[in-house]
Amino acid sequence: MMTQIHMPMLPVPPSWFPGHMRKFTRILPALLKRADIVLEIRDSRLPLTSINSQLEGALRQWQLERGWDANQPGRRVLNNSACEHIVVLNKRDLVSEWGMEPFRRAMAKKFPEQRVLFASWHRSRDIRQLGELLANTAKQYPHAVEHNVLVVGMPNVGKSTLLNALRNTGIKGPTPKALRTSALPGLTQTLSTRLKISLEPLVYAFDSPGVMLPFLGHGQEGAERGVKLALIAGIKEGLNDMETLAAYLLYRLNVLNPIAPAYLQLLSKSSPGSSPPSPTNDITEFLTLLAQRMGMIKRGAVPDLERAATYFVRWWREEGGLVAACTPFLGLDPEYLPTGPMVQGWGFDFEWEVKPEKWAALTPSSSSAPPFIQANMEHCIDVFLARREMEERDGGNTSKTQLKKRELEEVKRKRAEKRLKR
């Protein structure tokens, strides 16, 4: 069991904000006037990091214009037309089941104006549930001829794939694949044509470009945010080197399961008679073992750490994430009752420390998610919101380049005003 887990030092991430993302951000308020439901897709592994704060202001204004109470989130003063913000945590099969319900309850407490559900396009039950939620929302307003769903979110969270699955479930008969999909971010660059996803009631959906944050932030917090998004392939490949991603991935897998991290299966097929592999914090040690295990050797019998890092990250994206998601709630196994504080994690956004007395109070017959899990998640959400508010107040979400561009635009605007006055 690992008792000390240290996050590696991370380089400051580069920004990736192509022109089509900037354009969509500008036209979003106009698009919302045509929308009745906003379906925001996030990644279950990064339920907080995949929140796009660039879209939140426009969504909040849209809700206020449709009659939501500015002082009491979750309460509508006027209810003449549909105005629902539904958050879908996609790729649910890549996070542990035991944390889903505590997270839902924590989010309902912090964001009562949002509906949150987990889904995966692999699970027909999830798609039917989401389709029924959209149809039932539309049925509450029978006077409307049709309802429009605007799908938004960060790149590569699965918006197009989820919409294709919704269409196939909601429309009977053979339905061709309507939207192109890719494992790489940035494929969808323009607003899609309307896609019919329900006949009765009549519901259409618009797919939209994935929008990244214009600037990921300063210091270690911004660096960690960038590495998280790079691991899920949410930003352009090549902006981060693979050894950096591998070091952070090793850290996170240790947090998810400090007893038997998922990566141990990559090292398990060792020679007969050798001792079983042990968890490690040392990325160089791990990549060396992995390179030797996979035969990734350069001239002079030197382990190829770069190839090993690339293999490690791609393994996690393709199958290792499923292995990590199978981690049970560790507190219910009496064999691993810790004698000191132990780290507990869920997804890549949640991490807390549990003291021995908390573990000792649990029994195998206890719930798979004791109450302190939700309390710890609520604390993590509070910390996330406080940091984001501080960044916005201190200008930490704007790069120096963006500040210079704004200053130039302001100078140009003032010059134009002077010319008009002459």
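The values are calculated or read from the model by the stated rules, or taken from the named source; none is laboratory data. Predicted model only: the values in this text are computed from it and were never measured. Positions of Cβ are generated from backbone atoms using ideal geometry, with glycine treated the same way; all protein chains shown enter the neighbour counts. The protein model used for the area step is the full one, side chains on, heavy atoms only, and it has no ligands, DNA or RNA in it. Shrake-Rupley method; radii C 1.70, N 1.55, O 1.52, S 1.80 Å.
So is Pro370 of a type outside the set (S, T, N, Q), open to solvent by 50 Å² or more (accessible area, probe 1.4 Å) and at pLDDT 75 or above or not? Here the answer is no, as Pro370 does not meet what is asked.
Ser120: more than 23 Å from Ala35 (Cβ to Cβ), among the polar types (S, T, N, Q) and not in a helix (DSSP H, G or I), yes or no?
Working: more than 23 Å from Ala35 (Cβ to Cβ): yes; among the polar types (S, T, N, Q): yes; not in a helix (DSSP H, G or I): yes.
It is true that Ser120 is more than 23 Å from Ala35 (Cβ to Cβ), among the polar types (S, T, N, Q) and not in a helix (DSSP H, G or I).
Is it true that some residue in region 124-132 is closer than 14 Å to Asp43 by Cβ, charged (D, E, K, R) and in a helix (DSSP H, G or I)? No. When region 121-130 is filtered for residues that are at pLDDT 90 or above and either surrounded by fewer than 19 Cβ atoms within 10 Å (Cβ to Cβ) or of a type in the set (Ser, Thr, Tyr) (or both), the ones remaining, listed by number, are Arg125, Arg128, Gln129. Taking the criterion of being at pLDDT 70 or above, hydrophobic (A, V, I, L, M, F, W, C) and either open to solvent by 60 Å² or more (accessible area, probe 1.4 Å) or farther than 16 Å from Arg104 by Cβ (or both), the residues of region 338-367 that qualify are Met342, Val343, Phe348, Trp352, Val354. When region 22-64 is filtered for residues that are closer than 29 Å to Ser96 by Cβ and part of a loop (DSSP other than H, G, I, E, B), the ones remaining, listed by number, are Ser44, Arg45, Leu46, Pro47, Leu48, Thr49, Ser50, Ile51, Asn52.
Regarding Val323, is this residue in the same structural domain as Asn254 (by the TED database), at pLDDT below 95, open to solvent by 40 Å² or more (accessible area, probe 1.4 Å) and within 21 Å of Leu94 (Cα to Cα)? First the steps, then the outcome.
Details: in the same structural domain as Asn254 (by the TED database): yes; at pLDDT below 95: yes; open to solvent by 40 Å² or more (accessible area, probe 1.4 Å): yes; within 21 Å of Leu94 (Cα to Cα): yes.
So Val323 passes the test.
Beta carbons closer than 6 Å, at least 6 apart along the sequence or on distinct chains, pair a first residue in region 188-203 that is within 16 Å of Leu130 (Cβ to Cβ) and assigned by the TED database to the domain that holds Lys139 with a second that is at pLDDT below 75 and surrounded by 14 or more Cβ atoms within 10 Å (Cβ to Cβ) for Leu195/Ala178; Ile197/Gly170; Ser198/Gly170. Just a yes or no: is a residue in region 85-98 modelled with pLDDT of 90 or more, over 28 Å from Thr327 (Cα atoms) and part of a loop (DSSP other than H, G, I, E, B)? No, every residue in region 85-98 fails to be modelled with pLDDT of 90 or more, over 28 Å from Thr327 (Cα atoms) and part of a loop (DSSP other than H, G, I, E, B).
Go through the residues of region 149-172 one by one and say whether even a single one is open to solvent by 10 Å² or more (accessible area, probe 1.4 Å), in the same structural domain as Asn80 (by the TED database) and assigned to a strand (DSSP E or B). No; the residues of region 149-172 include none that is open to solvent by 10 Å² or more (accessible area, probe 1.4 Å), in the same structural domain as Asn80 (by the TED database) and assigned to a strand (DSSP E or B).
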